[in-house]
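Some notes on the structure that comes next.
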Amino acid sequence: MNKKYSLLLFLSLSTLLGYSQNLQLNKYTFGEGLRFTDKDQSSYSINGYLQPSMEIKKYASDSLSEEYLRFRLRRMRLRLSGDLPKYKMEYRFQVDFSGTPEVGDEGNLALFDSWIAFNPTSHFQIKFGQSSSPTENLELLLVSNTLQLPERSRLTSAFAVAREFGVFASGEFKAFHGMVFKPEVALTNGDGQNAFRKNYGGFKYGGRLDVLPFGKFNHFGQFRQVDMARELTPKLLVGFTWSRNHGVSSRRGESGGAILYLNDSMEESLPTYTKFGIDLLLKYKGFSLIGEFVHSNATVPDDISIRVRNDGTTSTAFLVDGVQNVSDYVKGRMMLGTGYNVQAGYLFKNRVSVDARYTYLKADANSFMNNPTYYNRPKYYTLGLSKYISRGYGFKIQGSITYAELAPGSLDINSYPISKNEWIGNIIATISF
């Protein structure tokens, strides 16, 4: 584990031990973690989970291998959090020991959450540090160990950014007939998880507005996929998101410095990435439904004349189909297009859940979503079966099978043409404490 993360974890645990003479174990729930309280009602929580998984992919191509099998530790998270009502403050520190990216290709970053929040009122919060951003689609904002299926959808992996560093503000307001409005805004550096890296480009800003027409969900149901609480009355969330990243230096703002461009003066000149979406979450008596729409586009500066290769060398060639075209070349390395995701499921009273999902990705003419190896698959159909062995999310086993329709020109991981559509199977176990 990185020495910086080890030091942060050591300091956090030392803080807990230092106050242990004043802290008392208030509650332990399998799957929800330990909660300690102090004399002044301050609280300190520790929880985490691990997820071993297996993935098998079958396809027909010109290569000798037609099957791809992978075993890995999908996630191994530890989260420390505190609530200090006397000072109107909260904080959180979360790390991942698996070395597996949360979404997309942002790299093996262990630090997920590291933030401090000030709550001037019970309905308003200002947060500073590294956190998930309200500008992302709903599925990403739902807690990873509560997922309805073994993996999040390809819409999330195509467009979402797992964590960002900046300032976040959120509020909660009640309206007529129990309706609730939850606005959130964010100002970040636009480089994803980069608490220890150089910043590139300008700021990213945006927000989210969640409307809950029938009031709030029970037992944090707004942040969890399955209707574990079995809502007695319908609960609905409708969300609207928008963001703009000035000077993005990666495919969608997830890894600053991954893709760089210069002008004739050898100064950085980077495209602007804009994204908006609409999503919903519905729960009622064990049934849950998630619907999402995301669209992204980019604006390319006119003065880009040089690109920086992965090895640090430079080139003035921006060839698209053999023709020099700077704008189309730059867009061809970004995640541009439109995505839809709809998934639904039902949790039976014996804690067996049956789920289904349909995801559709429509790439722009110039977009990395046309990449023949990693994308170029516009439609995904998934069926899943889960067994929650304990009450809540303490221990569960999930399996799914996905059928992916390939667009012409798709390749396997060895760059051989694929002649038939793909089948992908996933099995994952989750143990939370």
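The values are calculated or read from the model by the stated rules, or taken from the named source; none is laboratory data. In this text, all values refer to a predicted model and were calculated from it rather than measured experimentally. Reconstructed Cβ throughout: ideal geometry from the backbone, glycine too, with neighbour counts over all protein chains shown.
Annotations
- Among the residues of segment 291-308, those identified as of a type in the set (Gly, Ala, Ser) and within 30 Å of Ala356 (Cα to Cα) are Gly291, Ser296.
- Of all residues making up segment 148-159, the number that are free of Cβ contacts under 8 Å to residues at least 60 places away in the same chain and part of a loop (DSSP other than H, G, I, E, B): 1
- Single residue of Tyr374, Tyr380, Tyr340 found to be over 27 Å from Ile431 (Cα atoms), out of contact with any Lys or Arg (no Cβ under 9 Å at 6 or more places or on another chain) and among the aromatic types (Phe, Trp, Tyr): Tyr374
- Meets criteria (more than 29 Å from Glu254 (Cα to Cα), touching a helix residue (DSSP H, G or I) at 6+ places or on another chain (Cβ under 9 Å) and basic (Lys, Arg)) for Lys174: no
- Residue satisfying all of: in segment 168-189; small (Gly, Ala, Ser) and free of Cβ contacts under 8 Å to residues at least 40 places away in the same chain; farthest from Thr272 (Cα to Cα) among these: Gly178
- Test: residue in segment 67-78 that is surrounded by fewer than 19 Cβ atoms within 10 Å (Cβ to Cβ), modelled with pLDDT under 90 and more than 30 Å from Leu385 (Cβ to Cβ): no
- Residue list for segment 34-47, filter: in contact with a helix residue (DSSP H, G or I) (Cβ under 9 Å, 6 or more places away or on another chain) and at pLDDT 90 or above: Ile46
- Filtering segment 391-409 to residues that are surrounded by 13 or more Cβ atoms within 10 Å (Cβ to Cβ) and either in a strand (DSSP E or B) or over 26 Å from the mean Cα position of the chain (by Cα) (or both) leaves Phe395, Lys396, Ile397, Gln398, Gly399, Ser400, Ile401, Thr402, Tyr403, Ala404, Glu405.
- Cβ pairs under 8 Å, 6+ apart, first in segment 199-224 and surrounded by 15 or more Cβ atoms within 10 Å (Cβ to Cβ) and part of a loop (DSSP other than H, G, I, E, B), second among the β-branched types (Val, Ile, Thr) and modelled with pLDDT under 95: Arg224/Val143; Arg224/Thr146
- Subset of segment 214-239 [farther than 24 Å from Tyr388 by Cβ and out of contact with any helix residue (DSSP H, G or I) (no Cβ under 8 Å at 6 or more places or on another chain)]: Val238
- Residue among Arg197, Arg224, Arg163, Arg152 that alone is closer than 23 Å to Ala429 by Cα, basic (Lys, Arg) and at pLDDT below 95: Arg224
- Any hit, segment 172-191, residues being part of a strand (DSSP E or B), surrounded by fewer than 15 Cβ atoms within 10 Å (Cβ to Cβ) and among the charged types (D, E, K, R): yes
- Failed condition for Val143, given (1) in contact with a helix residue (DSSP H, G or I) (Cβ under 8 Å, 6 or more places away or on another chain); (2) at pLDDT below 95; (3) surrounded by 18 or more Cβ atoms within 10 Å (Cβ to Cβ): (3)
- Verdict on Gly256 being of a type in the set (Gly, Ala, Ser) and touching a Leu at 6+ places or on another chain (Cβ under 6 Å): no
- Residue check for Glu102: in contact with a helix residue (DSSP H, G or I) (Cβ under 9 Å, 6 or more places away or on another chain), of a type in the set (Asp, Glu), at pLDDT 95 or above and under 30 Å from Val354 (Cβ atoms): no
- Arg357 vs. criteria of a type in the set (D, E, K, R), at positive phi and touching a residue at least 24 places away in the same chain (Cβ under 8 Å): no
- Criterion applied to Glu151, Glu164 was being among the charged types (D, E, K, R), more than 15 Å from Ile290 (Cβ to Cβ) and under 14 Å from the mean Cα position of the chain (by Cα), and the one residue passing it is Glu164.
- Taken together, the residues in segment 337-374 that are assigned to a strand (DSSP E or B), surrounded by 16 or more Cβ atoms within 10 Å (Cβ to Cβ) and either touching a Ser or Thr at 6+ places or on another chain (Cβ under 6 Å) or modelled with pLDDT under 95 (or both) amount to 7.
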